[in-house]
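Data block below; observations after.
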Amino acid sequence: MTFPSDTPPSTPVDSGPPARPEWPDLGDEALLDIRLCALGLTIDGSALEPRISQLHEELAARGITFRPHFWLSTEWFCPDGVPGIAIPFYLAHPRLMKLEKAQMLEVEGGTPEWFMQILRHEAGHAIDNAYNLRRRRRRVNLFGKPSVEYPEVYLPKPYSKSFVLHLDSWYAQSHPDEDFAETFAVWLTPDSDWRVRFNDWPALKKLEYMDQLMRGLAGQPPMVTSRRRVEPIDSARGTLRRHYAKKREQYGLEHPNFYDRDLRRLFSSAPEYHQNLKAARFIKRIQRDVRRHVAAWAGSYQYTIDQVIVNMIRRADELDLRLMHPEEQTRLDFMLMLTVQTMNYLHSGRHRVAL
């Protein structure tokens, strides 16, 4: 038996306005207009959970009972006096990692290995805060005064053996607290074999002190137990577009016309070369390859290198420069020039403290 419907078949049922797409389904332009606090991100259930668990296991293996707390923010950091770690929001969702890549050309901490490197570094800051270690005289004698003001930029010494090597850009040299955190990260890394790796380095004294210090803390509860979160993502009302505009400004170069002289050495605007390949097009073609090689050698963030390249492309186009020599020779000469310019940027004192 059938029953009559309350709504005649010929009358369509009003289902309301079409459903708004969820933000992971949006294109980049639409996604950039979403507020950070509206993303609804959490660490729970994300790919970050097993990596945090790995850090806990590494601490437990060393007898350390302290466990930092974690929250999502706009960047990596550990606030002064807080025994916890802020993790960049984009690492909590693959769609946001894709946007980060599009906006910044790289995803800091985007691989499991890179993530753990940074996490161990930040754990060094957190344990420093948890046990008030910066007040200890031996720590100050070895690493320097934590009260020294953080520089906006720093001048690294690439060949110094007084500092461990862990993160890129000789980051241990930027501040005594970063030196401590980098030394802790090397010490904590499983199978790092730091005694052999840094044998005959002055930095070995710092690692041996770290080993002695952490053994003394084994089984000890932390002195500071605050669970405070600083600048959590769920309180950030700005849009993704505004966030990335500020971030690009922070990491960008300031003097894009600085490269004119070197560009004119490799390329020419003379009439006899006007039939040759445009320099801007040539640089775009080799951009990815040369960026990778220079980053591997110079230890610089690929975003910084790519900004140099982008400015070179713009200037080469504005100056209407063309190739003068065979492409392979020009490619090698350009790679050398880019390496020199990157190192000049680092050594000019304009290298920003990013972590």
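Every read-out reported here was derived from the displayed coordinates using simple, explicitly stated rules and does not represent laboratory data. What you see is a predicted model; the values in this text were computed from it and never measured. All Cβ positions, even for glycine, are placed from backbone atoms using ideal geometry, and neighbour counts span all protein chains on display.
Between Ala245 and Ser53, with labels modelled 7 Å along Cα→Cβ, what's the label distance in nm to one decimal, could you check?
4.2 nm
Just how far, in whole angstrom, is the range 82-114 from the range 215-234 if you go by their alpha carbon centroids?
Each part's Cα centre sits 23 Å from the other's.
Can you put Cys37, Cys78 in order of Cβ neighbours within 10 angstrom, beginning with the fewest? Please list the in-between numbers first.
Details: Cys37 14, Cys78 24.
Fewest to most other Cβ atoms nearby, the residues stand as Cys37, Cys78.
If I stretch the segment between His69 and Ser162 completely, what's the gain in nm (0.36 nm per residue apart, minus their alpha carbon distance), one decimal? Please list the in-between numbers first.
Values: separation 93, 0.36 × 93 = 33.48 nm, distance 3.13 nm.
Contour length minus the Cα-Cα distance gives 30.4 nm.
In what order do His56, His175, His166, His274 fall by count of nearby beta-carbon atoms within 10 Å, going from fewest to most?
Working: His56 14, His175 19, His166 22, His274 11.
Fewest-to-most ranking of His56, His175, His166, His274: His274, His56, His175, His166.
So, R0 is 30 Å and r is the distance between the beta-carbons of Tyr273 and Val340; what FRET efficiency does that work out to, to 0.05?
0.80
With r as the distance between the Cβ atoms of Arg288 and Met324 and R0 = 25 Å, compute the FRET efficiency 1/(1 + (r/R0)^6) and round to 0.05.
It comes out at approximately 0.60.
Do you know the relative contact order of the range 22-101, to the nearest whole percent, from alpha carbon pairs under 8 angstrom that are 6+ apart?
After rounding, I find 26 percent.
Would you mind calculating the gained length between Lys101 and Val230 on full extension (0.36 nm times residue separation, minus the Cα-Cα distance), in nm to one decimal?
43.9 nm
In terms of the Cα gyration tensor, with a ≥ b ≥ c the square roots of its eigenvalues, is the range 146-242 rounded because a/c is under 1.5, prolate because a/b exceeds b/c, or oblate? If you can, show how the numbers build up before the last one.
Working: a/c = 2.22, a/b = 1.35, b/c = 1.64.
Taking the square roots of the gyration eigenvalues as a ≥ b ≥ c, the range 146-242 is oblate.
Rounded, prolate or oblate: which fits the range 54-94, taking a ≥ b ≥ c as square roots of the Cα gyration tensor eigenvalues, rounded meaning a/c under 1.5, else prolate when a/b beats b/c?
Verdict is oblate for the range 54-94.
If each residue's Cβ is checked for other Cβ atoms within 10 Å, how do Leu277, Leu207 rank with the fewest at the top?
Leu277, Leu207
How about Lys247: which lysines have a C-alpha closer than 28 Å to its C-alpha, ignoring those fewer than 8 places off in the same chain?
Straight-distance partners of Lys247: Lys98, Lys101, Lys157, Lys284.
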